[in-house]
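Below is one structure, written out as structure tokens; the observations come after it.
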Amino acid sequence: MTVVNEHVGVRAPERWVVGDPRQVAALEVAGDDPYFFDHPLDHLPGMALVSGLLDLVRRAGIGAPEEPGAWLSLSLEFPAFCELAGAVELEAVPLPGATALRAAQGGRVVCEGSIGFREQVRPAGSRQVAATAPADPALVHRHRPENVLIGTPVSVGAVSSVDVLRPAAGHRLATAPGAPLRLETLIDASRQFGTLLCHQEFGRAQDTTLVLLGLDVEVACGLTGDVRLSRRQTAVPRSRHKSGMDVLVDGAPAGRVDYDYFSAKPAVYRRMRGEVAAP
């Protein structure tokens, strides 16, 4: 059985275990994918793991992140780098009130967490997203302009905010005009906003690598209308820090995204990847 769509390919095993509640699939990501490999990487990006797990959730009928009428809770940790070589197995296991998610490579867990859905009606947005100049690609660590998913930040007092931009037609994350944003778009847009803040607000050098350690998403499903991310300025954090931002739809609260990051200078990142010996 093969499960493939235009967003992410997840290939199921040839045999399913009767009575086993698990849903298992293999992640397939092309090495020349213009979104996941926007620029040269020495590992499989975290967004590929997130997208693969969410695609498994959709395909297995566990939940529909883009269908209005529910509230979604997603929590993921990334305990190890996922290497470019080596099969990646995705797994979803039903639990009381949630579904456990896991991605493993060579017997090592590279991403794990859970996702849950609960009924909660939120009025759908109605305003069209205004045209906003995209943020500087360098500040969000993107090379291809079409992969920039946030607008130029606007600051009012101690609060900074950005528009979440809809990917153009033909992009991996594109949706039809007026259709809800894919959850991956919101997650990556918030990651890009956090990256921009690390440089503009926290003064991190441009060659800093931001290593994703975890993320938590609490958001209404099926976001349409004018989607924005908003964050109150804080003191400059340590190298490892947790920060987040509120999700607004047409100005009304619609959820929150929080990240756990480690800001690594080039020499530190090389040690993390085993390229040089630790002192």
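The values are calculated or read from the model by the stated rules, or taken from the named source; none is laboratory data. On a predicted model such as this, the values are computed, not experimentally measured, just so you know. Methodologically, a virtual Cβ is constructed for each residue, glycine included, from the backbone with ideal geometry; neighbour enumeration extends over all protein chains shown. Keep in mind that these areas ignore ligands, DNA and RNA; they rest on the heavy atoms of the full protein, side chains included. Shrake-Rupley method; radii C 1.70, N 1.55, O 1.52, S 1.80 Å.
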- Low-density loop trypsin sites (Lys or Arg not before Pro), region 153-248, at most 12 other Cβ within 10 Å, DSSP non-H/G/I/E/B, are Arg238
- Item | Extended-chain gain in nm, criterion 0.36 nm per residue less alpha-carbon gap, Glu28 and His171 | 49.7 nm
- Query: Just the accessible area per residue of region 219-276, please: how many Å² with a 1.4 Å probe?
  - Reply: 48
- Take the solvent-accessible surface of the protein heavy atoms, probe 1.4 Å, and return the percent of it on the chain that carbon and sulfur atoms account for. 54
- Message: Where in the chain is the longest stretch that carries no GluC sites (Glu not before Pro) classed as loop by DSSP and with at most 12 other Cβ atoms within 10 Å?
- Response: 15-274
- Query: Considering only protein heavy atoms, what per residue accessible area in square angstrom results for region 58-201 with a 1.4 angstrom probe?
  - Reply: 46
- Message: At a threshold of 8 angstrom on Cα-Cα distance, excluding pairs fewer than six apart, so keeping six or more, what relative contact order does region 112-225 reach in percent?
- Response: 28
- J(HN,Hα) series, region 112-117, from Karplus relation 6.51 cos²θ - 1.76 cosθ + 1.60, nearest Hz, glycine and proline x: 7, x, 8, 9, x, 10
- Task: Compute the length gained on full extension between Asp207 and Ser239: take 0.36 nm times their separation in residues and subtract their Cα-Cα distance, giving the result in nm to one decimal.
- Result: 10.1 nm
- Message: Please compute the length gained on full extension between Met272 and Arg118, using 0.36 nm multiplied by the number of residues separating them and subtracting their Cα-Cα distance.
- Response: 51.6 nm
- Note on the structure: With the 8 Å Cα cutoff and a minimum separation of six or more residues, region 154-275 has a relative contact order in percent of 28
- What does the helix-only formula give at 222 nm for the chain: each DSSP H stretch with n ≥ 4 adding -39500 (n - 2.57), the total divided by the residues, and the result rounded to the nearest 500 deg cm²/dmol? -4500 deg cm²/dmol
- Item | Cβ charges +1 (Lys, Arg) and -1 (Asp, Glu), total dipole of the chain, debye | 560
- Note on the structure: The FRET efficiency for Ala158 and Ser73, from their Cβ-Cβ distance with R0 = 22 Å and rounded to 0.05, is 0.20
